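Written out below as structure tokens is the structure these notes cover.
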Amino acid sequence: MKKERCIALYSGGLDSILAIKIIQSQAIDVIPLYFATPFFGFKALRNPEDFKMIHCHEYGICPHVIDYTDDFINTLINPAHGFGKYMNPCIDCRIGMLKRARELLEVFNASFIVTGEVLGQRPMSQRRDAMDIIEKASGLRDILLRPLCAKRMRATRGEHLGIVDREKLLDITGRGRKAQIYLAELFGIKAAHIPASGGGCMLTNKQIAIKVKGTINRFMSQAPTRYDIMLDVVGRKFILDDSTVFVVARNEQENEVLADMKYPGNVFIKIAGIPGPLCVLRGEANQANLEIASGICLRYGKGKGTKGLNALWGADPHQMREVINARVIPDEYCRRLQIDFDVPD
Ligand code: SF4
């Protein structure tokens with residue numbers, strides 16, 4: 001007999017894992033979609049195959065990774081339902097992902113959509129009114145099933161038709177995780193593999209929010225590109241002029257992340273001959289900006305305290321052939337160029 005099929009929004013968090021397990025336990029085929037942007041799912045964006053393998057191995061869930069960056073940047077410009085505490089446009093974010101999932105129903109031959117939402121768990125997007133708005137605006141009336149709190153919600157079409165057994169759905173509410181941890185054990189998820197709470201969306205981080213808001217303001221009514229936005233999630237950021245930013249890696253891991261950003265318009269800088277940060281200049285790579293940038297690069301590496309050293313620069317971080325003298329720049333001047341933009345606490 002043909003198995004019923006649904007699509008699930010998979011975030012990699014415990015709630016979405018459990019929502020999928022609950023539906024799978026009713027012998028329904030689940031297609032998990034993982035939406036990735038530089039703000040959430042950056043690792044998956046950089047290496048989707050690794051991400052998929054890890055989740056297949058740890059949870060038996062093998063997600064399709066969807067690069068959602070460009071849609072999400074448009075959402076960030078002017079979200080109809082506003083922002084949460086910082087730059088997180090949660091309601092519009094959910095609506096956007098669900099709309100995309102709805103478009104894929106036919107592609108996957110699926111008849112409904114599942115999420116791990118829990119009534120009352122998140123202040124912005126998981127209040128009842130917000131959940132209703134999300135369901136309606138995404139065009140999913142009656143086919144959006146939230147298994148963890150389904151018994152607190154109206155029954156969906158799948159439940160009416162007997163495709164989903166409503167009796168086996170749950171009525172979890174609120175912010176606690178006790179019920180979810182218990183369920184995780186029932187489903188055989190190892191304690192070490194239970195994801196930490198908190199979601200991990202960088203837009204709920206004040207420092208990142210400050211940078212993102214600065215980027216959006218810089219571009220005014222236009223959308224920044226993904227390459228501009230990516231420079232907000234890594235390193236120390238400096239504004240050299242209206243159209244030029246400079247980012248300095250803070251550790252080895254960030255060096256690796258920046259080294260992967262070989263995108264049009266990015267210029268890499270590094271102090272020659274000594275260990276130190278990899279840096280990216282984006283915008284006007286003119287002599288004046290290159291001199292300031294190389295001075296900042298010197299300030300944050302092992303060359304600090306010298307009287308100046310040579311810096312290498314170029315479009316490929318592994319083959320920087322141009323040379324410029326990195327002069328000492330006073331700390332105070334570096335600080336003045338650092339992002340400083342107020343977001344409410
Ligand atoms: S926290 Fe981030 S990923 Fe989650 S709904 Fe809000 S904006 Fe989207």
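The values are calculated or read from the model by the stated rules, or taken from the named source; none is laboratory data. No experiment lies behind these values; they were computed from the predicted model shown. Because the Cβ atoms are built from the backbone with ideal geometry, glycine has one as well, and the counts that use them run over all protein chains shown. Ligands, DNA and RNA are excluded from the accessible area calculation, which covers all protein heavy atoms including side chains. Shrake-Rupley method; radii C 1.70, N 1.55, O 1.52, S 1.80 Å.
With the condition kept exactly as written, say whether any residue in region 190-198 is more than 16 Å from the ligand (Cβ to nearest atom) and open to solvent by less than 70 Å² (accessible area, probe 1.4 Å).
yes
Just give me the residues in region 117-146 being surrounded by 15 or more Cβ atoms within 10 Å (Cβ to Cβ) and within 11 Å of the ligand (Cβ to nearest atom), in sequence order.
Listed by number, the residues that qualify are Glu117, Arg122, Met124, Ser125, Gln126, Ala130, Ile134.
Search region 85-115 for residues being more than 11 Å from the ligand (Cβ to nearest atom) and assigned to a loop (DSSP other than H, G, I, E, B), and hand back the single one that is most open to solvent (accessible area, probe 1.4 Å).
Within region 85-115, the match that is most open to solvent (accessible area, probe 1.4 Å) is Asn109.
I'd like to verify a number: residues in region 12-43 that are open to solvent by less than 20 Å² (accessible area, probe 1.4 Å), within 14 Å of the ligand (Cβ to nearest atom) and either more than 26 Å from Gly120 (Cβ to Cβ) or of a type in the set (Val, Ile, Thr) (or both), how many?
So the answer is 3.
Of everything in region 24-43, what is in contact with an Asp or Glu (Cβ under 9 Å, 6 or more places away or on another chain) and either among the aliphatic types (A, V, I, L, M) or in a strand (DSSP E or B) (or both)? Give them in sequence order.
Ala27, Ile28, Asp29, Phe35, Ala36 - these are the residues of region 24-43 that are in contact with an Asp or Glu (Cβ under 9 Å, 6 or more places away or on another chain) and either among the aliphatic types (A, V, I, L, M) or in a strand (DSSP E or B) (or both).
Can you work out which of the residues in region 226-242 that are open to solvent by less than 60 Å² (accessible area, probe 1.4 Å) and part of a loop (DSSP other than H, G, I, E, B) is farthest from Phe72 (Cα to Cα)?
Gly235
Return the total of residues in region 150-182 being surrounded by 15 or more Cβ atoms within 10 Å (Cβ to Cβ), in a loop (DSSP other than H, G, I, E, B) and over 25 Å from the mean Cα position of the chain (by Cα).
Residues flagged as surrounded by 15 or more Cβ atoms within 10 Å (Cβ to Cβ), in a loop (DSSP other than H, G, I, E, B) and over 25 Å from the mean Cα position of the chain (by Cα) within region 150-182 amount to 7.
With the condition kept exactly as written, say whether any residue in region 266-274 is more than 16 Å from the ligand (Cβ to nearest atom), touching a strand residue (DSSP E or B) at 6+ places or on another chain (Cβ under 7 Å), outside the structural domain of Ile324 (by TED's automatic domain parsing) and open to solvent by 10 Å² or more (accessible area, probe 1.4 Å).
no
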